[in-house]
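Have a look at the structure below, then the notes.
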Amino acid sequence: MFEPFTLGRATLSNRIAMAPMTRGYASNGVPGENVAEYYRRRAQGGVGLIITEGTWIAHPAASNEASIPDFHGEALRGWRRVVEAVHEAGGRIMPQLWHVGLIHKKPPEHRRVGETPAQSHHIGPSGISGGVGVPLFDATAPMSLADVDSVIEAFAAAARAAMDLGFDGVALHGAHGYIIDQFLWHATNRRTDRYGGSHRDRATFAAEIVAEIRRRTAPDFPIILRYSQWKLHDYDARLAENPMELEALLAPIAEAGVDLIDCSQRRFWEPTFAGSDLNLAGWTKRLTGKPTMTVGSVGLDRDFMSSLFDRDKSAGTTDLVRLVAMFERGDFDLVGVGRALIVDPEWTRKVKEDRMDELLPYDSRALEALI
């Protein structure tokens, strides 16, 4: 895992990536020096690739929380400082581009923000909303084709801005029930046009975003897409019930030119389909031939959702024996590390130097500051 990896124009020093994790410390949507230093410390700690927290693209329905950074307007000056800080430390960094679509969001307790349901201007493929503790319901009219085009345009414009700022690629948030995932999932996509129907048709929206980003940027500018089976409001949700369905869903995205697929699980070691011990990243790599990243409770003994929302429960450290075995078997190419890197900027260096006894457990109180 500590050998270099080439992804388009970007050469990573190792296979450890900082997974995108929402922190919410942007003042008026602009990342400041505290954000730049936060990411610089992870680069100095040896992370091969940093994927930033989700950032709002320039679409009126993209966001639902003011403290999360924008990726347009004045915020781009702040992101330039972040890129410079990470590159000065020898790291590589990509922004995660985000549009929430139609979703009710109850922020984690530490932000002390009330319930923020989808507003009247928010949009989704079929007008269906839901969220943590909120079952799916019909909220508004389905997106028009003009709405679809405007969201694709906003993603592509943000990706072009990222390339112009010197980022090493872009990552698209297509998981956990947000807008790209709302198109991928049959429960939130009831469309009868070319954006809905079969697994392949439901992937058209994601594929067109990837293709337009490729057209606006460069052939070697890396594009990562994150996807998941589970949703914030349904941990048992599944985009695909078997490998054939998953292949149909992922094929258009792979054909559109995505470079790496980030496969989000709550627990990386869990098999995706019966009869095989391959996880989501393993199946995705086998079915598409594309490099993949695994993520989900790496190095910790409690999954993301249980430790995030219960401040009285921390997550202890675990060994990486199973992770290394799966990596050496060729199941995936990168390893996304989340909460462990929130509490410990030196996590990567400690693992490389076999200082496992020095790894820090995760405590949700770490969310109260940028360490």
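Data overview
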| quantity | calculated |
| --- | --- |
| Residue count for segment 213-245, restricted to those that are more than 30 Å from Asp164 (Cα to Cα), open to solvent by 50 Å² or more (accessible area, probe 1.4 Å) and of a type outside the set (Lys, Arg) | 7 |
| Residues located in segment 121-142, provided they are assigned to a loop (DSSP other than H, G, I, E, B) and either loosely packed, with under 11 Cβ neighbours inside 10 Å or on the phi > 0 side of the Ramachandran plot (or both) | His121, Gly127, Gly133 |
| Subset of segment 273-289 [among the basic types (Lys, Arg) and open to solvent by less than 50 Å² (accessible area, probe 1.4 Å)] | none |
| For Ala118: the one exception among (1) in a loop (DSSP other than H, G, I, E, B); (2) at pLDDT 90 or above; (3) hydrophobic (A, V, I, L, M, F, W, C); (4) open to solvent by less than 30 Å² (accessible area, probe 1.4 Å) | (2) |
| Pairs where the first residue, in segment 228-243, is closer than 14 Å to Thr188 by Cβ and the second is open to solvent by 60 Å² or more (accessible area, probe 1.4 Å) and assigned to a strand (DSSP E or B), C-beta under 9 Å, 6+ apart | His233/Pro135; His233/Leu136; Asp234/Pro135; Asp234/Leu136 |
| Exclusive hit being aliphatic (A, V, I, L, M), within 17 Å of the chain's Cα centre (by Cα), open to solvent by less than 20 Å² (accessible area, probe 1.4 Å) and within 23 Å of Leu12 (Cα to Cα), set Met293, Met326 | Met293 |
| Residue that is modelled with pLDDT of 95 or more and either in a loop (DSSP other than H, G, I, E, B) or surrounded by 24 or more Cβ atoms within 10 Å (Cβ to Cβ) (or both), where the choices are Gly24, Gly46 | Gly46 |
| Residues of segment 318-371 classified as under 16 Å from Val298 (Cβ atoms) and among the acidic types (Asp, Glu), total | 6 |
| Matching residues in segment 49-76 - criterion: being open to solvent by 10 Å² or more (accessible area, probe 1.4 Å) and assigned to a loop (DSSP other than H, G, I, E, B) | Ala58, His59, Pro60, Ser63, Asn64, Glu65, Ala66, Ser67, His72, Gly73, Glu74 |
| Residue list for segment 175-210, restricted to those being surrounded by fewer than 23 Cβ atoms within 10 Å (Cβ to Cβ), of a type in the set (Asp, Glu) and touching a residue at least 40 places away in the same chain (Cβ under 8 Å) | Asp193, Glu208 |
| Given (1) part of a loop (DSSP other than H, G, I, E, B); (2) touching a residue at least 24 places away in the same chain (Cβ under 8 Å); (3) under 26 Å from Asp236 (Cβ atoms), number of the condition Gly282 does not satisfy | (1) |
| Qualifying residue in segment 332-339 (condition: under 29 Å from Leu7 (Cα atoms) and modelled with pLDDT under 95) | yes |
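The values are calculated or read from the model by the stated rules, or taken from the named source; none is laboratory data. Everything numeric in this text was worked out from a predicted model, so none of it was measured. Here the Cβ is made from the backbone with ideal geometry for all residues, glycine too, and neighbour counts use every protein chain on show. Surface accessibility is based on the protein's heavy atoms, side chains included, excluding ligands, DNA and RNA. Shrake-Rupley method; radii C 1.70, N 1.55, O 1.52, S 1.80 Å.
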